[in-house]
């Protein structure tokens, strides 16, 4: 819990350097480092961008979203998909979608609040800080988060991430033509 509180308080301040990342490769590495159960698979959109950004906060966002999708899944097997699109001239929109139990619409805002969990703490390990941290990091860089889920099966957590950070233009393989 203390580590999570420190990470939350530091969000947006310990950003590391701007570097070029291959988001598909980064996502695959993050997922594998989670050591997911054997029945879990990550699929990644074929054309995820290679772009210049602050890698550390984006990595933390993806790590927390993958961890959340695995931890709160109700089956021993599961699928997680990372997708994207160019939202507008300023932002990419990424989505992390799982086939877990879903989040009822009444709780969509609540899950982004510190210390909030949908299940009792004795049923699932965690501090309830993961999605609060995700939201804080994303909002630090001018992005937004949203949830798409009917609460029956599957959840998609969407977030926008800036194409430009500190005046540096992010360079996407296939996105330039879309801009």
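The values are calculated or read from the model by the stated rules, or taken from the named source; none is laboratory data. Everything numeric in this text was worked out from a predicted model, so none of it was measured. Note that each Cβ is placed from the backbone with ideal geometry, even for glycine, and that neighbours are counted across all protein chains shown.
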**OP:** Select from the stretch 129-163 the residues that are assigned to a strand (DSSP E or B) and either in contact with a helix residue (DSSP H, G or I) (Cβ under 8 Å, 6 or more places away or on another chain) or surrounded by 20 or more Cβ atoms within 10 Å (Cβ to Cβ) (or both) and list them in ascending order.
**Re:** 145, 147, 155, 157, 159, 160, 161
Subject >> In the stretch 63-113, residue modelled with the lowest pLDDT [restricted to those that are buried (at least 16 other Cβ atoms within 10 Å of the Cβ), in a loop (DSSP other than H, G, I, E, B) and on the phi < 0 side of the Ramachandran plot] >> reply: 108
Original post:
If a residue has to be crowded, with 18+ Cβ neighbours inside 10 Å and at pLDDT 90 or above to count, how many in the stretch 9-23 make the cut?
Top reply: 2
Subject >> Sole exception among (1) modelled with pLDDT of 75 or more; (2) surrounded by fewer than 19 Cβ atoms within 10 Å (Cβ to Cβ); (3) within 25 Å of residue 78 (Cβ to Cβ) for residue 123, by number >> reply: (1)
Original post:
Only one of 56, 43, 35 is surrounded by fewer than 20 Cβ atoms within 10 Å (Cβ to Cβ) and assigned to a strand (DSSP E or B); which?
Top reply: 43
